[in-house]
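Novice: Below are the structure tokens for one structure; questions will follow.
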Amino acid sequence: MRTLSLAWSCLLLLALSASAFADDAKLKALIVDGQNNHGVWPKTTQMMKSYLESSGKFTVDVATTGKKSTEGFAPNFKDYDVVISNYNGQRWPAATDEAFVEYVKNGGGFVVVHAANNAFGDWDEYNRIIGLGGWGGRNAKSGPYVYFNKDEDLVRDTSQGNGGHHGKQHPFQVVVRDSDHPITAGMPKSWMHAQDELYDQLRGPAENMTVLATAYADPATGGSGRHEPMIMTIDYGKGRIFHTPMGHGDYSMECVGFITTLLRGTEWAATGKVTQAIPNDFPEPNAESKRPYEAGKN
């Protein structure tokens, strides 16, 4: 019996060690949240956490500010391969701002989702990190309005105007502009995204920025009449940034196109590579594809 017990103990120890090793081999991700003008943020944070963990590529922690204060908010960014922002609220403490900028500048990955590009309109370095943003007092002084014109040329419009606008929520087609980038490689040229806010008139420094995909903001739904950036990458120092204005609601994040883009973009921000394939249920050019979210099952 003693020998059998010892054998079982050794097997358990080996199993635990293997599990710990497997977690150590995964990329470490941190989602920051706590304040947002979108009330669904607690659920969308959990959705993104679930998607990332279910991929088998990531372990995920969440750092949450107070509802009405950021006092004491001081995540140890350098412990993570990538930080994902689901945050739009009060400025962080000065020391946290500084630590975040140093983290990205020195090679940390950063992911900007939807309203996170509304945050910190008066923070110059944050705007350089995200490339483009909306609202938060942004205007022509914040940088050019970037879009694709009818000739499919990228335009950096420096004329006067505010930054940030959207029409009515609706499903819309995403058009890949750079199919050679690891994030978009293998995606169909166009695919249908689920109901969402289609941000337009985003402004910012747009330095070292590549627009990988756009969507047409149709005037019929209150849009700009231009193709607006929907998937972007930005280089800041040694850091890599993946930015998508998509993801307004939980229903928007059920889109397989959004899920796939999030997973591939986050992996790229962390490593500069993408190992995750385009799934078989990826949306078609004129047909949505969704995975209904169930907490603890995705």
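Novice: For the subset of the stretch 222-274 comprising residues that are out of contact with any strand residue (DSSP E or B) (no Cβ under 9 Å at 6 or more places or on another chain) and under 12 Å from Ile183 (Cβ atoms), which member is surrounded by the fewest Cβ atoms within 10 Å (Cβ to Cβ)?
Specialist: Lys273
Novice: Taking the condition of being surrounded by fewer than 17 Cβ atoms within 10 Å (Cβ to Cβ), in a loop (DSSP other than H, G, I, E, B) and of a type outside the set (A, V, I, L, M), how many residues in the stretch 39-80 meet it?
Specialist: Residues in the stretch 39-80 being surrounded by fewer than 17 Cβ atoms within 10 Å (Cβ to Cβ), in a loop (DSSP other than H, G, I, E, B) and of a type outside the set (A, V, I, L, M): 9 in total.
Novice: Hey, among the residues in the stretch 154-185 that are among the polar types (S, T, N, Q) and part of a loop (DSSP other than H, G, I, E, B), which one's surrounded by the fewest Cβ atoms within 10 Å (Cβ to Cβ)?
Specialist: Across the stretch 154-185, the extreme among qualifying residues is Ser159.
Novice: Now for a separate question. List pairs: first in the stretch 63-83 and without any contact (Cβ under 8 Å) to a residue 60 or more places away in the chain, second part of a loop (DSSP other than H, G, I, E, B) and hydrophobic (A, V, I, L, M, F, W, C), Cβ under 8 Å, 6+ apart or cross-chain?
Specialist: So the pair list comes out as Ala63/Phe73; Thr65/Phe73; Thr65/Trp92; Gly66/Phe73; Thr70/Trp92; Phe73/Trp92.
Novice: If you don't mind, there's one more thing I want to ask. Of the conditions (1) assigned to a strand (DSSP E or B); (2) without any contact (Cβ under 8 Å) to a residue 12 or more places away in the chain; (3) not acidic (Asp, Glu), Lys150 clears all except one; give me its number.
Specialist: In the conditions (1) assigned to a strand (DSSP E or B); (2) without any contact (Cβ under 8 Å) to a residue 12 or more places away in the chain; (3) not acidic (Asp, Glu), Lys150 misses (1) alone.
Novice: Among the residues in the stretch 87-95, are any more than 30 Å from Gly72 (Cβ to Cβ) and of a type in the set (A, V, I, L, M, F, W, C)?
Specialist: no
Novice: Let me ask something else. Return the residues of the stretch 262-280 that are under 13 Å from Gly108 (Cβ atoms), assigned to a helix (DSSP H, G or I) and of a type in the set (Gly, Ala, Ser); say none if nothing qualifies.
Specialist: Of everything in the stretch 262-280, those that are under 13 Å from Gly108 (Cβ atoms), assigned to a helix (DSSP H, G or I) and of a type in the set (Gly, Ala, Ser) turn out to be Ala269, Ala270.
Each reported figure results from applying straightforward, stated rules to the coordinates on display, with no laboratory input. Keep in mind the model is a prediction, meaning the values are calculated, not measured. Here Cβ is always computed from backbone atoms with ideal geometry, including for glycine, and neighbour counts include all displayed protein chains.
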